[in-house]
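Down below is the structure, laid out as structure tokens.
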Amino acid sequence: STQSTWGNPCAMTTVFLPWNRVLIPLVLLLCACIIPSATAQQQGSRPAELSAARQLFSRRTTSTTTTAKAVPEIGTGPVFPPPQCSQCLTIATQIEMIVQFNLTGDALVMALTAACAIMPKAHRTMCATIAASLPALLAQGFKIVSPSVVCGDLLFCDVCCVTDTMPEGVHLSSTGNPSQMAVMWTTKNSTATSRFRLGLAPGNYSLDVQGTQAGTYLPYLWNGHLHTALATSLEPSTRYYYVVGDDAGGWSKEMNFRTDPADYPNIRLRVVGDMGAEEYSDSTVARLSADVQAGLVDMLLHVGDISYANSAQWLWDVFLRKVQDIAGYVPYMVCPGNHEVPYNFTAYRHRFRMPGVESGSNTNLYHSFDYSLAHFLFYDTEMDFSPGSPQYRWMESDLKRAFDPAQRKNRPWLIMLGHRPMYCSNGKNDAEDCITNARLFRTYLDPLLARYQVDLMISAHEHSYERSWPVFNETVSHSYDNPPYPIHIVNGAAGCKEQLDVSWLDPAPAWSNVQISEYGYAHLDITPTSLRWQYVRDSDGYVVDDFTITKKPSSSTL
């Protein structure tokens with residue numbers, strides 16, 4: 001969650017480190033007696049690459065600053081990130097507080113040079129390179145620069161992968177068609193082929209699908225190859241075992257998935273928001289992985305703010321490796337949040353194969369699909385969705401189709417997901433999100449949700465958990481039994497590095513029922529007549545909120 005004007009959602013909060021009050025005066029004192037020669041020597045370092053990289057910033061993007069910590073590699077293989085990246089993150093973390101001090105021009109150069117001079121000798125050369133880049137980076141409009149962004153910009157952290165051609169970050173997605181399954185993966189270098197081999201028994205692959213690959217999508221900021229393959233003519237509700245890769249480049253470990261059902265069985269989902277690649281999400285990822293590996297999950301829904309990479313493209317690779325034991329086994333369905341905005345959603349657009357074409361939006365930014373008893377609609381809160389906009393027109397058309405009596409007889413549940421909430425009651429630090437923006441969103445969407453009888457609206461963005469009563473235009477019902485209005489859930493505390501939102505409006509709004517400031521994720525279990533939601537605390541697996549929506553067999557009419 002960040003304070004920003006809707007439509008320009010990239011401004012992030014800053015975590016000020018308490019010891020800057022000691023170090024910064026010391027640095028400024030040293031400036032008087034240290035000649036900034038190191039910075040001058042480094043001004044010519046990679047000028048073409050850095051210039052080209054910075055020209056790619058299509059809008060002002062900023063990142064929350066926190067103490068950088070190396071993210072452990074999940075599974076076997078060399079430690080990632082590589083040593084030069086880890087060293088850069090350590091050094092950039094030590095000098096980031098000087099940027100926060102809002103120095104400019106010569107004063108900034110002198111302060112940065114002084115900071116480098118008091119570092120251990122082994123760090124001074126890299127420190128000077130980092131210091132030399134910051135004035136130009138800030139000149140592009142950056143007011144806060146995180147270590148991960150700086151080190152990615154300088155190409156110290158641009159390596160996507162642990163090996164050259166072995167598949168990494170494997171993740172599945174549904175197309176809404178029970179006879180299909182899509183998969184994506186990453187390699188550092190190109191491979192001769194991009195193959196998706198699968199079959200009905202372990203090690204026995206009767207199908208061999210040739211996919212496609214695309215190279216670097218942000219020159220100088222990320223180097224790698226993304227592979228996509230789509231298997232068709234599969235049997236619904238069937239377990240397939242698969243590998244992806246290439247004979248020469250190597251194959252992934254064997255994983256498996258179950259195709260979507262063609263009929264309407266009960267389903268078990270997991271729902272997360274605001275998770276991130278760093279250690280704060282470790283508990284959530286471990287519990288989700290255990291559930292998936294135990295066969296307890298059919299699909300995962302991620303409601304924006306996915307990796308928290310912001311502009312640091314290499315963190316996408318860390319994240320996708322981290323969740324592979326989830327996303328490689330069940331469809332991982334997503335929509336963007338404000339932390340996916342940098343470079344006009346470029347990383348998100350390239351890394352996720354969502355059913356936009358299949359659902360008529362022709363984009364992965366907003367899309368929909370049928371799955372068993374429910375219709376799911378993901379929309380993009382970072383783009384215009386006001387009445388009359390292209391996204392709004394698509395949303396209305398999609399909801400109208402899902403609301404058709406013949407459709408809703410078989411799929412009685414209609415669930416919408418979008419990153420920023422329509423209803424939230426976090427405290428004064430979140431007034432822009434929970435008062436200004438939320439009220440605006442309600443004017444746009446409340447009538448649409450009521451008209452098409454949406455059952456559940458799931459959002460994130462606030463780093464907390466909140467459950468509403470059934471509500472429309474702030475009119476409240478106090479029953480979840482065949483409720484007349486949608487229920488709104490804020491589920492944005494899966495482990496992001498910006499910490500929890502712990503303050504709440506007092507008194508709470510009449511529509512707010514449950515407020516929890518603890519890291520966690522949700523179970524969503526659906527039957528033809530009930531939808532059970534459980535919020536699970538990730539530290540110990542304890543269910544801290546549990547409620548059920550019940551409804552009579554559908555008889556939707558306009």
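The values are calculated or read from the model by the stated rules, or taken from the named source; none is laboratory data. Small disclaimer: the values here were computed from a predicted structure and weren't measured. Neighbour counts run over all protein chains shown; Cβ positions are idealised from the backbone, glycine included. Calculation scope for accessible area: heavy atoms of the full protein, side chains included, ligands and nucleic acids excluded. Shrake-Rupley method; radii C 1.70, N 1.55, O 1.52, S 1.80 Å.
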**OP:** Take the alpha carbon gyration tensor of region 183-338, find the square roots of its eigenvalues, order them as a ≥ b ≥ c, and report rounded if a/c is under 1.5; if not, report prolate when a/b exceeds b/c, else oblate.
**Re:** oblate
**OP:** Please give the contour-minus-distance gain from Ala107 to Thr125: 0.36 nm per residue of separation, less the Cα-Cα distance, rounded to one decimal in nm.
**Re:** 4.5 nm
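Per residue, what accessible area does region 434-558 have, given a 1.4 Å probe and all protein chains present, in Å²? List each step's numbers first, then the result.
Numbers: 4920 Å² over 125 residues.
Solvent-accessible surface per residue comes out at 39 Å².
Where the accessible area of region 420-551 is counted over protein heavy atoms with a 1.4 Å probe, how much of it, in %, is carbon and sulfur? Provide the component values of the computation, followed by the final result.
Details: 2270 of 4700 Å².
Carbon and sulfur: 48 percent of the exposed surface of region 420-551.
At R0 = 60 Å, how high is the FRET efficiency between Thr163 and Gln534 if r is their beta carbon distance? Nearest 0.05 is fine. Mind showing how you got there, number by number?
On the way: r = 39 Å, r/R0 = 0.65.
Efficiency for this residue pair is about 0.95.
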Original post:
Roughly how many Å is it from the Cα centre of region 303-342 to that of region 420-449, as a whole number?
Top reply: 25 Å
Subject >> Coil-residue trypsin sites (Lys or Arg not before Pro) of region 243-282, DSSP, other Cβ within 10 Å capped at 15 >> reply: Lys253
Original post:
region 196-256 to region 497-558: how many Å between their Cα centroids?
Top reply: 35 Å
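In region 475-558, which chymotrypsin sites (Phe, Trp or Tyr not before Pro) fall in coil by DSSP and have 14 or fewer other Cβ atoms within 10 Å?
Taking region 475-558 and a limit of 14 other Cβ atoms within 10 Å, the loop chymotrypsin sites (Phe, Trp or Tyr not before Pro) found are Tyr542.
How much accessible area per residue does region 220-359 have, in Å², with a 1.4 Å probe? All intermediate terms of the calculation are to be shown ahead of the outcome.
Numbers: 3750 Å² over 140 residues.
Heavy-atom accessible area per residue stands at 27 Å².
Tally up the carbon and sulfur contribution to the accessible surface of region 178-284 as a whole percent, 1.4 Å probe, everything protein left in place. If you can, show how the numbers build up before the last one.
On the way: 1940 of 4110 Å².
After summing per-atom areas, the C and S share lands at 47 percent.
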Subject >> Interchain or long-range residues, amide H under 5 Å from Ser174's placed H >> reply: Tyr332
Original post:
What residues qualify as long-range amide H neighbours of Trp251, i.e. H under 5 Å apart, gap of 5 or more or another chain, H built at 1.01 Å from N?
Top reply: Asp246
Original post:
Among rounded, prolate and oblate, which fits region 282-323 when a ≥ b ≥ c are the square roots of the eigenvalues of its C-alpha gyration tensor, a/c under 1.5 means rounded, and a/b larger than b/c means prolate?
Top reply: prolate
Original post:
How big is the equivalent ellipsoid of region 338-406 along its three axes, where each semi-axis is √(5λ) from the Cα gyration tensor, reported in whole Å from largest to smallest?
Top reply: 23, 15, 9
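Please figure out what share of the DSSP beta bridges in region 439-540 is antiparallel and state it in percent, rounded to the nearest 5. Please report the intermediate quantities before stating the final value.
Numbers: 16 of 20 bridges.
Bridges in region 439-540 are about 80 percent antiparallel.
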Subject >> Average projection area in nm² (convex hull over Cα atoms of region 377-535, one quarter of hull surface) >> reply: 9.0 nm²
Original post:
Taking H as built 1.01 Å from N, whose amide H comes closer than 5 Å to the amide H of Tyr521, not counting residues under 5 places away?
Top reply: Val536, Asp538
